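The values are calculated or read from the model by the stated rules, or taken from the named source; none is laboratory data. Predicted, not measured: the structure shown is a model, and the values here were computed from it. Please note: Cβ atoms are built from the backbone with ideal geometry, for glycine as well, and neighbour counts cover all protein chains shown.
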């Protein structure tokens, strides 16, 4: 299953929904995503799912993958995310870089609502040189409100990216996230992302 939604100026694709902070059944998508997020396990499984996503659905020429950093200033993405994106970028023969966290931000789940989340991450990201005229895929392991992805897309466009879209492993369907989202659409098997993208 691949989920899709156009949200606040960015096309977002996800492999599945997940439920945060609950006792997830061992082997469930939520359980595996939590283990990957914090321990780096199930890396090969998620990499295989992402490769399948590219093979079946991606028909736009991706030039580079931009990886979301953690919340601390100067922080790198989690080790598992970095390794998975390194391997994916090699297999897809595209560039890969981490967005730069230019100031500390609160973890997004500690913000009261969407507006606070937007303010929390505003002007907190930097972009390495070399994105001008390129199509960039933003990657994050999980997403709830979309505020961080929207800010990343804004910064990339300001730095000259030709087109930007986002891919995440999971969309948060916990109660805390319900207020941020309508239901995502589900791509048909083999449906190309260019058929649904609104901001290519």
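So the values come out like this:
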read-out: First in the range 102-126 and at positive phi, second anywhere and surrounded by 14 or more Cβ atoms within 10 Å (Cβ to Cβ) and assigned to a helix (DSSP H, G or I), Cβ under 9 Å, 6 or more apart; value: 123/151; 123/155
read-out: Yes/no for residue 37 being within 20 Å of residue 143 (Cα to Cα) and either surrounded by fewer than 19 Cβ atoms within 10 Å (Cβ to Cβ) or at pLDDT below 90 (or both); value: yes
read-out: For residue 86: the one exception among (1) outside any helix (DSSP H, G or I); (2) under 24 Å from residue 151 (Cα atoms); (3) out of contact with any helix residue (DSSP H, G or I) (no Cβ under 9 Å at 6 or more places or on another chain); value: (1)
read-out: Filter result (touching a strand residue (DSSP E or B) at 6+ places or on another chain (Cβ under 8 Å) and either crowded, with 19+ Cβ neighbours inside 10 Å or over 16 Å from residue 190 (Cα atoms) (or both)) within the range 1-15; value: 2, 4, 5, 6, 10, 11, 12, 13, 14, 15
read-out: Pick from the range 75-93, criterion in contact with a strand residue (DSSP E or B) (Cβ under 6 Å, 6 or more places away or on another chain) and in contact (Cβ under 8 Å) with a residue 40 or more places away in the chain, ranking: surrounded by the fewest Cβ atoms within 10 Å (Cβ to Cβ); value: 85
